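For reference, the structure is listed below as structure tokens.
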Amino acid sequence: MARSRRSFSNRVTLASVAERAGVSPMTVSNVLNDKPNVTQAKRDVVMEAVAALGYKPNRAARALASATSFRIGLLHRDTDSSFLGQVLLGTLKAANKHSAEVAIRAFSARNPASAIDAAKALLDSGIDGLIVPPPLCENPDMLELRNRYKVPMMALVPGAGLKDVPAVRIDDELAAYDLTRLMLSKGHQRIGFIRFPSSALVSVSREAGFTRALTEAGITPDPQLVWVGRPTYQSGLAAAEYFLSLDDPPSAIFSSSDDIGAAIVNHAHRQGLRVPEDISVAGFDDAPIASQIWPQLTTVRQDISTIAEIAIERLMKSLKDQTDLGADVQLVEHELIERQSIADLLR
């Protein structure tokens, strides 16, 4: 009996190899299953540990792991708690269906370098696929990482199609066009527009939809009615102060995020203005804050949970079938949510 116990205690396990190599058991598994998404340096240290310990993997367990144990990486900005919650709902639903693991890593919204570092950390850990949110999915450095590690990547809600990267998103240009047309249909002619800074595709697409709707209505876009700001509540307060201080302020404001829209409503109340009678406001995304303020925001809903679920499903199918998704984009329908924040000037 003692001999049997001694034999068991001396048995080399995958965890023993991982501990000696200083890597995760998943990385050891990926090396042994000859998966491509492991750096050569880690591959070498794992094989050195295997040789030193005399590890002999169980073939049946190894085959099973190779067939079913996919590990998906998910990146998210540290300020996107509402967005992350919705992404997790869809991600975990699809991942559980396929018995896949999900590894989550945050990066700083204010430090672009931290995003690439977070992506590298996930890729070095031996993930099989990567889900990337905006605006990181539009970063050329991410495409370089994808090519270096040979790991399939899926973009979540970029503002337009991406070169060489598959995506799941709404049509932001059409969504902005539809929301602007709704405001125009209620008699608003002078409409302020808040876009995000830089050349982020979501800003370009939404402004294009806004401009198209105005042009079709015979209205020349006024540069004075465009404000550039981050998608934050604080930025919304600054935008509200700017628009409402104009000699000829807009009758309505199109906010490219619900946080911005909520801030404008709050600022208007502080100035003794009525919403929507004195100033109408629309948001975008249908985040929880859109229905938590008064009046509730008219906005565009993009079902982030469903988008994330579809992204995981597509990524898993690609991994299991060993197919390349190329730059294929799957569009998900958006929905206009009309609430109380836009006045009908034609009544």
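Treating only the Cβ of Lys, Arg, Asp and Glu as charged (+1, +1, -1, -1), what charge dipole size does the range 107-163 show about its Cα centre? Round to the nearest 20 debye. The partial results should precede the final answer.
On the way: 6 positive and 6 negative charges, 16 e Å.
It works out to roughly 80 debye.
When the Kirkwood radius is taken over all Cα pairs of the range 220-335, what Stokes-Einstein diffusion coefficient follows at 25 °C and 0.890 mPa s, in µm²/s?
Working: Rh = 16.2 Å.
It comes out at roughly 152 µm²/s.
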(request) Show the residues, 5+ positions off or on another chain, whose built amide H is closer than 5 Å to the amide H of S256. (result) I194
(message) Tell me which trypsin sites (Lys or Arg not before Pro) from the range 86-122 have a DSSP coil assignment and no more than 11 other beta carbons within 10 Å of their own.
(response) R110
(request) Check the straight Cα-Cα distances from K56 and name the lysines below 25 Å, setting aside those fewer than 8 residues away within the same chain. (result) K35, K42
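Could you work out the percent of alpha carbon pairs in the chain separated by over 27 Å, rounded to a whole number?
Values: 31625 of 60031 pairs.
Roughly 53 percent, once rounded to a whole number.
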(request) Determine the gain in length on full extension of the stretch L246-S99; use 0.36 nm per residue of separation and subtract their C-alpha separation, reporting nm with one decimal. (result) 47.3 nm
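Quick one: work out the % antiparallel among DSSP beta bridges in the range 244-347, nearest 5.
Bridges in the range 244-347 are about 40 percent antiparallel.
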(message) Explain nothing, just the number: relative contact order of the chain, from Cα pairs under 8 Å at least 6 residues apart, as a whole percent.
(response) 17
(request) For the range 212-330, calculate the relative contact order in percent as a whole number, restricting contacts to Cα pairs under 8 Å that are 6 or more residues apart. (result) 18
(message) From the phi angles alone, apply the Karplus equation (6.51, -1.76, 1.60; θ = phi - 60°) to the range 282-289 and give each ³J(HN,Hα) in whole Hz, x where the residue is Gly or Pro.
(response) 10, x, 7, 3, 6, 5, x, 5
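Sum -39500 (n - 2.57) across every DSSP H segment of at least 4 residues in the chain, then divide by the residue count to get the 222 nm mean residue ellipticity, nearest 500.
Values: 13 runs with 161 residues, N = 347.
Helix-only estimate at 222 nm: -14500 deg cm²/dmol.
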(message) Please compute the modelled spin-label separation between L346 and D44, points set 7 Å along Cα→Cβ, answer in nm with one decimal.
(response) 7.1
(request) Grab the other residues whose beta carbon is less than 13 angstrom from that of D141, score K and R as +1, D and E as -1, and report the net. (result) 0
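With both bridge residues required to lie in the chain, what share of the DSSP beta bridges run antiparallel, to the nearest 5%? Before the final figure, lay out each step's value.
Numbers: 4 of 34 bridges.
Percentage antiparallel, nearest 5: 10.
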(message) For M26, what accessible surface area do you get with a 1.4 Å probe? Give it in Å², rounded to 10.
(response) 30
(message) For the range 143-182 and the range 191-218, what is the centre-to-centre distance using only Cα atoms, to the nearest Å?
(response) 17
(request) Work from the charge dipole of the chain (Cβ charges, +1 for Lys and Arg, -1 for Asp and Glu, about the Cα centre) and give the residue of Q189, F83, A200 farthest towards its positive end. (result) F83
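What length, rounded to one decimal in nm, is gained on full extension from N266 through to A52, with 0.36 nm per residue of separation minus their alpha-carbon distance? Walk me through the numbers before you get to the answer.
Values: separation 214, 0.36 × 214 = 77.04 nm, distance 6.58 nm.
Stretched fully, the N266-A52 segment lengthens by 70.5 nm.
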(request) Towards the positive end of the charge dipole of the chain, with charges on Cβ (+1 Lys, Arg; -1 Asp, Glu), say which of P249, A113, A262 has the farthest Cα. (result) A113
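What dipole magnitude, in Debye to the nearest 20, does the chain give about its Cα centre under +1 on Lys/Arg Cβ and -1 on Asp/Glu Cβ? Walk me through the numbers before you get to the answer.
Numbers: 38 positive and 40 negative charges, 455 e Å.
Result for the chain is approximately 2180 debye, rounded to the nearest 20.
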(request) Please name which of I310, L346, T299 has its Cα lying farthest along the dipole of the range 296-347 towards the positive end, using unit charges on Cβ (Lys, Arg +1; Asp, Glu -1) and the Cα centre as origin. (result) L346
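Stretched out fully, how many nm does the piece from N147 to T215 gain, at 0.36 nm a residue minus the Cα gap? Don't skip to the answer; put the middle values down first.
Values: separation 68, 0.36 × 68 = 24.48 nm, distance 4.13 nm.
Contour length minus Cα-Cα distance gives 20.3 nm.
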(request) Using a 10 Å cut-off on Cβ atoms, rank the peptides 40-47, 214-221 from the highest mean neighbour count down. (result) 40-47, 214-221
(message) Give me, ordered by chain and number, the residues 5 or more places off D171 or on other chains with an amide H under 5 Å from its own placed amide H.
(response) V332, H334
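How high is the FRET efficiency between E338 and T79 when r is their beta carbon distance and R₀ equals 41 Å, given to the nearest 0.05? If you can, show how the numbers build up before the last one.
On the way: r = 28 Å, r/R0 = 0.69.
Calculated transfer efficiency: 0.90.
The values are calculated or read from the model by the stated rules, or taken from the named source; none is laboratory data. For clarity, every value in this text was computed on a predicted model and none was experimentally measured. Ideal geometry is used to build each Cβ from the backbone, glycine not excepted, and the neighbour counts take in all protein chains shown. The protein model used for the area step is the full one, side chains on, heavy atoms only, and it has no ligands, DNA or RNA in it. Shrake-Rupley method; radii C 1.70, N 1.55, O 1.52, S 1.80 Å.
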